[in-house]
1. Say R0 is 56 Å: what FRET efficiency, to the nearest 0.05, do A:Asp107 and B:Lys82 get from their beta-carbon distance?
2. With every protein chain in place, what's the accessible area of A:Glu358 (1.4 Å probe, Å², nearest 10)?
3. Taking only protein heavy atoms and a 1.4 Å probe, what accessible area per residue, in Å², does chain B have with all protein chains in place?
4. I'd like the accessible area for B:Met246: 1.4 Å probe, protein heavy atoms, all chains in place, Å² to the nearest 10.
5. I want the antiparallel fraction of DSSP beta bridges within the protein assembly as shown, as a percent rounded to 5.
6. Could you give the radius of gyration (one decimal) and Dmax (whole number) of the Cα atoms in segment B:1-141, in Å?
7. Can you pull the three principal axis extents for the Cα set of segment A:162-210, in Å, largest first?
8. Please report the net charge: other residues with Cβ closer than 12 Å to the Cβ of B:Ser75, K and R +1, D and E -1.
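The values are calculated or read from the model by the stated rules, or taken from the named source; none is laboratory data. What you see is a predicted model, and the numbers here were worked out from it, not measured in a lab. Note: ideal-geometry Cβ built from the backbone for every residue, glycine included; neighbour counts use all protein chains shown. Accessible surface is based on the protein model in full, side chains and every heavy atom, while ligands, DNA and RNA are left aside. Shrake-Rupley method; radii C 1.70, N 1.55, O 1.52, S 1.80 Å.
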Number of protein chains: 2
Amino acid sequence: MKANYTLIKEEKNTQARLGILHTNYGDFETPMFMPVGTQATVKTLSPEELKEVKSGVILANTYHLWLRPGEDVVSNAGGLHKFMNWDGPILTDSGGFQVFSLARPKDISEEGVKFKNHLNGDNLLLTPEKSIEIQNKLDSDIAMSFDECIGFPHTREYVEQSVERTLRWAKRGKKVHNNPNQALFGIVQGAEYEDLRHHCIDELVKMDFDGYSIGGTAVGEPKDIQYLQVEYSTKYLPKDKVRYLMGVGDPIDIIENVIRGVDIFDCVAPTRLARHGHALTKYGKINIKNAKYKEDFTPISSDCDCYTCKNYSKSYIKHLINADETFGARLLSIHNIRFLIKLTEDLREAIKEDKILEYKEEFVKNYYENNGN
Amino acid sequence: MKANYTLIKEEKNTQARLGILHTNYGDFETPMFMPVGTQATVKTLSPEELKEVKSGVILANTYHLWLRPGEDVVSNAGGLHKFMNWDGPILTDSGGFQVFSLARPKDISEEGVKFKNHLNGDNLLLTPEKSIEIQNKLDSDIAMSFDECIGFPHTREYVEQSVERTLRWAKRGKKVHNNPNQALFGIVQGAEYEDLRHHCIDELVKMDFDGYSIGGTAVGEPKDIQYLQVEYSTKYLPKDKVRYLMGVGDPIDIIENVIRGVDIFDCVAPTRLARHGHALTKYGKINIKNAKYKEDFTPISSDCDCYTCKNYSKSYIKHLINADETFGARLLSIHNIRFLIKLTEDLREAIKEDKILEYKEEFVKNYYENNGN
């Protein structure tokens, strides 16, 4: 079976949707935040901890796993689920974002992208076919088409050409995709141009993908542009397919984009913030290294249900982060991921009650007005 | 109540002993290996994981906690157990080993040791009284006397003077010790001189400590000297008090010293080896980074009962270590600590059956003859 989506309910006042994604490794409700397990591990965490914070699905990076340990190792292990001991759903990206951001220098042609392996300097070529072939072997539940991931800003002329290339690449990838247990998503590009997004979606829908990702976000664009890009995408996307907004994980952005009709999000922020000693709270981000937490024996959030908040004080976590102890990053990662997943749980409740705008107003007020206090 | 020891059984053919240490945070059987939580955390692990590998007791370092976060922070948190969320027994060292090894330059006088804080360069003075005062505040279950930790080699003349200083320091520390819930151990020095060890023990026993530690080991001495030092100590130590050999954690050394009458061991080796990709097995240490494990989908040890061996392959752990993912160090730490604790469990069984020499013979044969295979 390929992963497939059931729309449960549309919120009355916005584009927000409640749904379920069915996969061979379990179902999960949407909207959902998806933690990132770049190298077949969500940094510092065990699969059991991911279950405990209610991760419905995790993301793994095709680019990283292709280079190390190699897709054949993962395939011979019995696929990514077995390799990493995660029996929940897995989504893999296409590697596109990484070759466009991590790998330099790069040379983009119709064939694909030539670049240097950032680990050993080898010359490599990633093509739409190769990306799908790797993902087929990784055996994730959901694979992404290989697209051109352009930065911000850009000229309309470039975006026009790029959308066409992304469409040709989507078609080439779909042609070679041959894992009957893996859904394949098309990726919507077109930057902030409504007509280009509309055109891209029309062409992708003709190819009949199992779901759709919204690309061209989280590449340095201003927030209002990001929200427009999402609006110009969800407006034309079919309602019966799931929508995944790539790379977005700021709490406010999650709310704004759920309101615009997005179902799934991913972002490295919760684990990256954790490694730098930052914790997400409903009153904004706090820096646990701040001197005022030295003898603060209360949890990060007294109303948070995560393992960290139930068992550890800010004082202890501050000590661990100051002392470079990885258990500190682990405790903060648990908290931050749980914070974003709980946010999506609360959004689902708000959708059920048709109160997402009220929820947003209250959340934004707390988040900005009391920042960190 | 102060931690106290019950001798259960002496092995028929050796000095090995089976016993129980009773503490306010639970009892544990000896011989026991004790994981090291230097900075109030056993590197990469949670308290739940320490329970799962059957850690009966953990060690925390007075020197490190004194410098960061400071003993007052820990005390205001409600003591070390509460601060770090560990409700099992805790032993603290005196800080002596660290000021003699980590801190430079140092200036040893009758008063104590002057040295520079390795974190910020401040001039500090650690005295026998200060060490006990810090440990009283940390509120560990078992505290250590502050001793002079000499290196190897040394002259007999120096050792003679040093033993006398260690005895004067032990007396000064005992005088100020005032935590009714904390046992205080004396530390046996005297290097490889039987008469000096004997003399040191006689004087310590007059002071009536709650238990005794064997010092002057794990400072670079050859193995045969280490075993002699232990023999020359356990020979004169009272049978009704527990004996702790400081800093020793090599599997063969644990067996050899249990045979010589030691009850408790500690060592950073299992977690340090883990960070470098090494795993302990009954067939010797293996380096998980070895190319031959690339597609080895079997566990580190098929007969090991730890979380790591029940759920993960060598191939996956090798990938994590190669990719600098801390989950790899965590999985190996779990395995290595469990390996040493299981070793002490097996030694306890062998003592019950009066078969410790047979156990040793079999273990040594596997460990050396098949090294890593």
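1. Details: r = 58 Å, r/R0 = 1.04.
E between A:Asp107 and B:Lys82, to the nearest 0.05, is 0.45.
2. Spelled out: A:Glu358, probe radius 1.4 Å, area about 100 Å².
3. On the way: 13920 Å² over 373 residues.
The answer is 37 Å² per residue.
4. 40
5. Working: 40 of 82 bridges.
Here the antiparallel bridges make up roughly 50 percent for the protein assembly as shown.
6. 16.8, 53
7. For segment A:162-210, the Cα extents along the three principal axes come out at 35, 17, 15 Å.
8. Values: positive: B:Lys82, B:Lys137; negative: A:Glu295, B:Glu71, B:Asp72, B:Glu133, B:Asp139.
Summing Lys and Arg as +1 and Asp and Glu as -1 gives -3.
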